[in-house]
Amino acid sequence: MTLTEAPPAAPAEPVVHRTALRRRLVPYWLLLPGILWLLVFFALPLVYQASTSVQTGSLEEGFEVTWHVATYWDALTEYYPQFLRSLLYAGTATVLCLLLGYPLAYLIAFRAGRWRNVLLVLVIAPFFTSFLIRTLAWKTILADGGPVVEFLNAVHFLDVTSWLGMTEGERVLATPLAVVTGLTYNFLPFMILPLYTSLERIDPRLHEAAGDLYARPVTVFRKVTFPLSMPGVVSGTLLTFIPASGDYVNAELLGSTDTRMIGNVIQSQFLRVLDYPTAAALSFILMAVVLVTVTVYIRRAGTEDLV
């Protein structure tokens, strides 16, 4: 090599390798804030609650981890009526939300036309007001001697619900009917929006094709519309059932001591009785029950979008 010749260029492979490595790491860097958020505000509180559930002691003497797992069995045997009541109320409210929300979602998706956006805004409009204020409003609506209760008495609706054990006499407040009504109202938008999203994705030409094959409207709905909207049905029922099963505001404001849900028991154990181990154990039992119920439901529904 003479003095005028330039030295050979360094290979570019390390630079290319580092660039490719950075590109592969970009998605993980983007996920990092969300992962940290889940660790700090979800995983760590769960670990702390798990530790609390196996402690013994009192607020005066202090609590100590003694691995007293019998707290779970004691809590379940003592408060299983509230667990069953919570699942019953949440399941009833979920079914009512589906029966009320599906026709409205269908109307918005296929018949609303230029009013679609207005109707969607009306669906989410309740979220502009506090959950607590909306529930208190129902306490006024269902008050004894109010126009709603007078109308229900006039049409003898309360006679039927009283026979079913949902009301007592001629009043609605402090009864299971009031609690289920509050749950249904407060969680209805969680059912409508997934249903609308699923229905809006259905190609209208499928309905036209079914009509061309001489299918009646009922058959079109049963064979085409409803099966294609199953992802929305499953999503809506989960978004309704899961928070409703742990709710305590509706039972606290619209119910009585006979309509207490497990959320009311947990809230009372944490803030009034100050029995933290029992409250933590009840929280984990509720989470496990809901998780098992949801898993079985999703598998039975057979919705590939969610499994």
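The listed peptides 130-138, 102-110, ordered by packing as a protection proxy, come out as 102-110, 130-138 (highest mean of other Cβ atoms within 10 Å first). Rounded, prolate or oblate: pick one for region 229-302, where a ≥ b ≥ c are the square roots of the eigenvalues of its C-alpha gyration tensor, a/c under 1.5 means rounded, and failing that, prolate if a/b is larger than b/c, else oblate. The shape class here is oblate. Please say if region 19-171 is rounded, prolate or oblate, where rounded means a/c under 1.5 for a ≥ b ≥ c the square roots of the C-alpha gyration tensor eigenvalues, and otherwise the choice is prolate for a/b larger than b/c and oblate otherwise? Verdict is oblate for region 19-171. Taking 112, 178, 90 as the candidate residues, the one with maximal mean-square fluctuation in a Gaussian network model of the chain, Cα springs under 10 Å, is 112.
Just add up the charged neighbours of residue 207: K/R +1, D/E -1, any other residue whose Cβ is under 14 Å from the Cβ of residue 207. With Lys, Arg at +1 and Asp, Glu at -1, the net is +2. Classification of region 39-81 by its C-alpha gyration tensor yields an oblate form. The axis ratio a/c (a ≥ b ≥ c) is 1.5 or more, and b/c is at least a/b. Protection proxy ranking for 268-278, 208-218, using the average of other Cβ atoms within 10 Å per residue and placing the highest first: 268-278, 208-218. Working value for the chain: equivalent-ellipsoid semi-axes of 46, 36, 18 Å, each the square root of 5 times a Cα gyration tensor eigenvalue, largest first.
Its DSSP H runs of at least 4 residues, each contributing -39,500 (n - 2.57), put the calculated 222 nm mean residue ellipticity of the chain at -21500 deg cm²/dmol, to the nearest 500. Considering only the other residues whose Cβ falls under 14 Å of the Cβ of residue 107, what net charge follows from Lys and Arg at +1 and Asp and Glu at -1? Residues close to residue 107 contribute a combined charge of +2. Remark on region 102-151: ratio of C-alpha radius of gyration to 2.2 N^0.38 Å is 1.56. Extents of region 122-203, taken as max minus min of Cα coordinates on every principal axis and listed largest first, are 48, 29, 19 Å.
Working ranking of peptides 142-148, 31-37, 249-255 by packing, defined as the average number of other Cβ atoms within 10 Å per residue, highest first, is 249-255, 142-148, 31-37.
Quick note: the coordinates plus some simple rules give every number you see, no bench work behind them. The shown structure was predicted, so the numbers you read here are calculated from the model rather than taken from an experiment. Virtual Cβ from ideal backbone geometry, glycine too; neighbours counted across all protein chains shown.
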